[in-house]
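The next block holds one structure in the form of structure tokens; read it before the comments.
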Amino acid sequence: MERFFQSALTEREGIEQPSQVNPHLVKRQRRNLTTDDYVKGILDGNRMILSRAITMIESANPTHLAIAQEIIERCLPHSGRSMRIGITGVPGVGKSTFIEAFGKMLTSQGHKVAVLAIDPSSERTKGSILGDKTRMEALSVDPDAFIRPSPSGSTLGGVARKTRETIVLCEAAGFDVILVETVGVGQSETVVKSMVDFFLLLMLAGAGDELQGIKRGIMEMADGLVINKADGDNKSKAVGAQAQYRAALKLFPKNENNWTVPVEVCSALEGFAIDKVWNMIKQYEALTKDNGYFEKNRTEQNINIFYNWINFTLQNDFYNNEEKAAEIERLLPLIREKRISPYMAANRVIRDGE
């Protein structure tokens, strides 16, 4: 009997593949919005439009920059009616856990909370994880909360360059508490301090010498200190650290606003004493509004914005100038070959044409 052997490598004719899974699927294109659309959407509290407007603010496109500035100007009269709170602390102090517990408490009291979380950007790839929404799962789905993670970019200390403008839009959208989370303890705190009403420093107990574990300059900037993770076996350590910090703060010079910086303990994980933090902030607000410091501070912040915007505009115009860009490209090889000093080269670029 004749046998037939079929190779396993025999190729069978397949079926014709459809052009697409769903022939009725139509790709929807996002409609371009006018400035009026943006402003109306923001004032109506439309979060999608608010997010798109913030993206416009963060864009480096000159066209987007012009539109963003018009949006900000038209939203300014509707801003300024929130409590702006900066939150910082060393990595691992539990900033995201604290913000979620604090934000949930505020929304339960009828407040609308916007969280502007600054995510560190990679120096190598310039990318950013933007994972704050995944760390604040409950708050991210709260209808009275808005979380906007932004890449720090190349700005000093990791503070997003457009955070001030974003605050204006969030206030115009009806958010009455703005939380600005920094990357961590560093130079960025000075920038955040210049854009908020209350600066909160989160601390840890049992992580080494409490009084040496953080820069004195940052403690001097703080309007309130909170020792987080006061739970379990760590609670007694937190209370001990609280006494140490209170004693240390007495050695600092008196604040211009006549506010005595308090030190509280809390557990964001267990929700312990979170309400005390809000009471602290409300007491500060009442005192500084009564003695005039609150409004004075806001005025000084506007002066800072004025100077910062001048610096940004000059820098932006300088590097977008084609002649300057060409001169820089011509001088770079000379600097590498050490045929000209970087100082002389910089002067040539800056003074050229004057």
Legend entry - Pairs where the first residue, in region 265-279, is in the same structural domain as Val226 (by TED's automatic domain parsing) and the second is loosely packed, with under 15 Cβ neighbours inside 10 Å, C-beta under 6 Å, 6+ apart: none
Legend entry - Search result, residues across region 96-113 that are at pLDDT 90 or above and under 22 Å from Asp231 (Cα atoms): Thr97, Phe98, Ile99, Glu100, Ala101, Phe102, Gly103, Lys104, Met105, Leu106
Legend entry - From Ile87, Ile72, Ile42, residue being surrounded by 10 or more Cβ atoms within 10 Å (Cβ to Cβ), modelled with pLDDT of 90 or more and either more than 30 Å from Glu285 (Cβ to Cβ) or touching a strand residue (DSSP E or B) at 6+ places or on another chain (Cβ under 8 Å) (or both): Ile87
Legend entry - region 302-350, residues that are under 18 Å from Thr163 (Cβ atoms) and among the aromatic types (Phe, Trp, Tyr): Phe306, Tyr307, Trp309, Phe312
Legend entry - Number of the exception - Pro333 against (1) out of contact with any strand residue (DSSP E or B) (no Cβ under 9 Å at 6 or more places or on another chain); (2) surrounded by 11 or more Cβ atoms within 10 Å (Cβ to Cβ); (3) not acidic (Asp, Glu): (2)
Inset, instruction - Evaluate the following for Phe146: is it more than 21 Å from Met280 (Cβ to Cβ) and at pLDDT 90 or above? - result: yes
Legend entry - Exclusive hit being modelled with pLDDT under 90 and either closer than 24 Å to Gln283 by Cβ or assigned to a strand (DSSP E or B) (or both), set Ile129, Ile118: Ile118
Inset, instruction - Identify the residue in region 181-236 that is at pLDDT 85 or above and among the hydroxyl-bearing types (Ser, Thr, Tyr) and, among all such residues, is farthest from Ile303 (Cα to Cα). - result: Ser236
Inset, instruction - Kindly provide the set of residues from region 229-261 that are basic (Lys, Arg) and surrounded by 13 or more Cβ atoms within 10 Å (Cβ to Cβ), ordered by number. - result: Lys229, Lys235, Lys237, Arg246
Legend entry - Filter pass, Leu249 being at pLDDT 90 or above and either more than 25 Å from the chain's Cα centre (by Cα) or among the basic types (Lys, Arg) (or both): no
Legend entry - Residue in region 280-299 that is surrounded by the fewest Cβ atoms within 10 Å (Cβ to Cβ), counting only those that are touching a residue at least 60 places away in the same chain (Cβ under 8 Å) and charged (D, E, K, R): Arg298
Legend entry - Hits in region 66-103 - residues which are in contact with a Ser or Thr (Cβ under 8 Å, 6 or more places away or on another chain), in a helix (DSSP H, G or I) and touching a residue at least 60 places away in the same chain (Cβ under 8 Å): Ala68, Ile71, Lys95
Inset, instruction - Read through the list (1) in contact with an Asp or Glu (Cβ under 8 Å, 6 or more places away or on another chain); (2) in a helix (DSSP H, G or I); (3) at pLDDT 85 or above, then give the number of the only condition that Val239 fails. - result: (1)
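The values are calculated or read from the model by the stated rules, or taken from the named source; none is laboratory data. Given the structure is predicted, the values throughout are model-derived calculations rather than measurements. Please note: Cβ atoms are built from the backbone with ideal geometry, for glycine as well, and neighbour counts cover all protein chains shown.
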